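The structure appears right after this line, and notes come after that.
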Amino acid sequence: MKKIFVLSFISVGYFLNAQSLSNSPYATYGIGDVKYDNTIETSSMGGISTAYISDFTSSFNFANPANNANFELTSIKLEATNENNYFKTNYNNTKSTKHSTYLSNISIAFPLSPKLKMGLSYQPYSSKSYEIVHDENLEDGNIRRNEFKGSGTLNTAQIALGYKVNDKFAVGVRANYYFGNLYDLNELSQSNAELVNGYETKNNVRNFNFTLGASYQNLNTSTDRKLTVGATTTFGNTSNMTTDYTNSTYFYTDASKSVKSNETIIERKSISSKNLLPLQASLGVGYGEENKWFLSLQGDYKRGESIAYFGTSLDLQDSYRISAGGWYLPNYNNFRSYFSRIVYRYGAFYEKGNLKIAGQDINKFGVSAGVLLPFKTSSITRMSGLEIGLEVGKRGTLKNNLINQNYINLKLGFNFADKWFRKTLYN
């Protein structure tokens, strides 16, 4: 049984690496459309995780590995995301839609001892999937076409450890490995010319960094009220991103534009960048009642970076994100009413983006909600169930002929929690 599960885990990981994700035209810049957090539990609460310590024994927190003091069971999560993006620009009054469904998270976590907990996860980190075409009518009657294409996915595999120092204080560490290939292609063609001038950029990413976390929680046993404070820092790029550029002329021999012929290389070069994933920090505070409700406020900061883009350096500015959210459980002891045992989640966020185009910051905001529908045999100590999350938001602007993006993301997953790994681990 365990061998079958390991093989299934590897197979799903391969599928994650191969899948194509739909995203925004803003993915043209940098390493693509970065996913903030693909877990349903976190995204349903507006992104709060830094000061979130689950009251239940079946939920492992990867965002802040210090927040796993209550985790006691083996937890297996499989989650998928359905993205629906609606784009609009005042340039030629253009509208467009993009949809995609992909496997967004797979994880397994288990306790190594009463104080030491461990988790493994695998999910997409960023993606490129865009095609932008600009046609210009020339005075001689010909058409000049400038076409931009992008593809590829950057994935992340993580291993996290959390250690409970005492009843109030815990620390954690997470190692993050980023890998994948990202492609950008800019082609310039003209209706009266046979050859196409193409500038191709290929980013090969193999990168490590580390996240340190700490948390403090004080529980008032007389009122069951608790105060939680958490913090994380991500740092330490230990590998390079290799970027290969090829500037060439060629023509296509097929209608689908997949086979090049008569290619002449004008310029080819390769460079390395060490600042792919810059310093990130997060601070959160939360307050709630044991097994009843929880509310948290969180701030995230990401330092700006410079990344090579079509042979030049693209400077991304500092960004930050403010999130608020929480959960509510009516009455976990009421087995006569199923709805009283559902965990209801809610949240909202505002994100100042790292892109600035045509003098406009590309910001993002949204609201979210979700539920954990417990399985029939679930209890407060073994909260397994069906996870559903919904996020509705907006990114970008219509000013200066830029693109406004409205989106609706639906997330669906399962959390299976039990003690079935524990005996093997202790042997």
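The values are calculated or read from the model by the stated rules, or taken from the named source; none is laboratory data. Given the structure is predicted, the values throughout are model-derived calculations rather than measurements. Counting neighbours? That spans all protein chains shown, and the Cβs are built from the backbone with ideal geometry, glycine included. Protein only, heavy atoms only, side chains kept; ligands, DNA and RNA dropped before computing areas. Shrake-Rupley method; radii C 1.70, N 1.55, O 1.52, S 1.80 Å.
So the values come out like this:
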item: FRET efficiency estimate (nearest 0.05) - Cβ-Cβ, Ile143 to Thr264, R0 30 angstrom; result: 0.80
item: When each of Lys352/Lys411; Lys117/Lys168; Lys202/Lys352 is checked by Cα-Cα distance, pairs over 26 Å; result: Lys202/Lys352
item: Between segment 49-67 and segment 236-280, the alpha-carbon center distance in angstrom; result: 40
item: Normalised contact order of segment 95-138, rounded percent, pairs of Cα under 8 Å and 6 or more residues apart; result: 29
item: Whichever aspartates and glutamates have a C-alpha closer than 16 Å to that of Lys394, once near sequence neighbours (fewer than 8 apart) are set aside; result: Asp33, Glu83, Glu351, Asp361
item: Cα-based shape type of segment 224-281, given that a ≥ b ≥ c are square roots of the gyration tensor eigenvalues and the cut on a/c is 1.5; result: oblate
item: Stretch gain in nm, segment Lys419-Lys292, where the contour uses 0.36 nm per residue and the Cα spacing is subtracted; result: 43.3 nm
item: Where labels lie 7 Å past Cα in the beta-carbon direction, separation of Asn240 and Asn333 in nm; result: 6.3
item: Computed E for Gln190/Leu116 - FRET, C-beta separation, R0 45 angstrom, nearest 0.05; result: 0.10
item: Stokes-Einstein translational diffusion, the chain - Kirkwood Rh over all Cα pairs, 0.890 mPa s, 25 °C, in µm²/s; result: 106
item: Under 9 Å, Cβ to Cβ, from Asn186 - net charge with Lys/Arg +1 and Asp/Glu -1; result: -3
item: Members of Lys164/Lys364; Lys35/Lys164; Lys149/Lys302; Lys98/Lys226; Lys98/Lys292 lying beyond 32 Å, as alpha-carbon distances in this model show; result: Lys164/Lys364; Lys98/Lys226; Lys98/Lys292
item: Kirkwood-type radius of segment 313-406, with distances r between different C-alpha atoms, in Å; result: 16.1
item: Candidates Gly172, Gly141, Gly180, ranked by Gaussian network fluctuation over the chain, Cα under 10 Å, top entry; result: Gly141
item: Interchain or long-range residues, amide H under 5 Å from Ile403's placed H; result: Thr397
item: Accessible carbon and sulfur surface of the chain relative to its total accessible area, %, 1.4 Å; result: 57
item: Estimated vicinal HN-Hα couplings, Hz - segment 248-264 in sequence order (Karplus 6.51, -1.76, 1.60; Gly, Pro = x); result: 8, 10, 5, 9, 8, 9, 9, 5, 7, 6, 10, 10, 8, 9, 6, 6, 10
item: Charge context of Glu200, other residues only, Cβ under 14 angstrom, K/R +1, D/E -1; result: +1
item: Solvent-accessible area per residue for the chain (1.4 angstrom probe, square angstrom); result: 47
item: In segment 109-142, GluC sites (Glu not before Pro) in a DSSP loop with at most 13 other beta-carbon atoms within 10 Å; result: Glu139
item: Cα Rg over Rh - segment 73-153, Kirkwood; result: 1.29
item: Rough spin-label spacing in nm, given labels placed 7 Å along Cα→Cβ, for Thr233 and Thr377; result: 4.6
item: Low-density loop positions, trypsin sites (Lys or Arg not before Pro), segment 29-129 - DSSP coil, at most 16 other Cβ in 10 Å; result: Lys115
item: Cα-projected label distance for Tyr86 with Tyr177, points at 7 Å along beta-carbon direction, nm; result: 4.2
item: Candidates Tyr91, Tyr125, Tyr199, ranked by Gaussian network fluctuation over the chain, Cα under 10 Å, top entry; result: Tyr91
item: The chain: calculated mean residue ellipticity at 222 nm from DSSP helix runs of at least 4, using -39500 (n - 2.57); result: -1500 deg cm²/dmol
item: Estimated FRET transfer efficiency when R0 is 41 angstrom, pair Lys168-Asn404 (beta carbons, to 0.05); result: 0.35
item: Cβ-based net charge around Asp224, under 13 Å, with every Lys or Arg adding one and every Asp or Glu removing one; result: 0
